[in-house]
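Presented below is the structure to which this report refers.
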């Protein structure tokens with residue numbers, strides 16, 4: 001996985017939640033941009049969960065990313 005894609009998703013405006021699929025079959029949900037931290041070198045990231053648990057991920061083990069639907073806008 002390219003770290004640039006993770007950064008792009010984290011900084012998107014408006015933010016759209018996304019899920020990270022790992023090589024070992026786990027799926028991590030990123031509910032808000034504050035719930036993912038990327039190391040300065042870009043080799044690892046930390047995904048936080050609402051209960052304050054976290055997972056440290058080697059970015060090279062990310063197989064795919066699934067992004068949620070765009071936010072709904074009120075059409076008048």
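The values are calculated or read from the model by the stated rules, or taken from the named source; none is laboratory data. All values reported here derive from a predicted model rather than from experimental measurement. Heads up, the Cβs are rebuilt from the backbone with ideal geometry, glycines too, and the neighbour counts pull from every protein chain shown.
Quick look at the numbers
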{"quantity": "Check on residue 47, modelled with pLDDT of 95 or more and within 20 Å of residue 72 (Cα to Cα)", "calculated": "no"}
{"quantity": "Cβ-Cβ under 6 Å pairs, at least 6 apart or on other chains, the range 1-20 side free of Cβ contacts under 8 Å to residues at least 40 places away in the same chain, far side part of a strand (DSSP E or B)", "calculated": "10/36"}
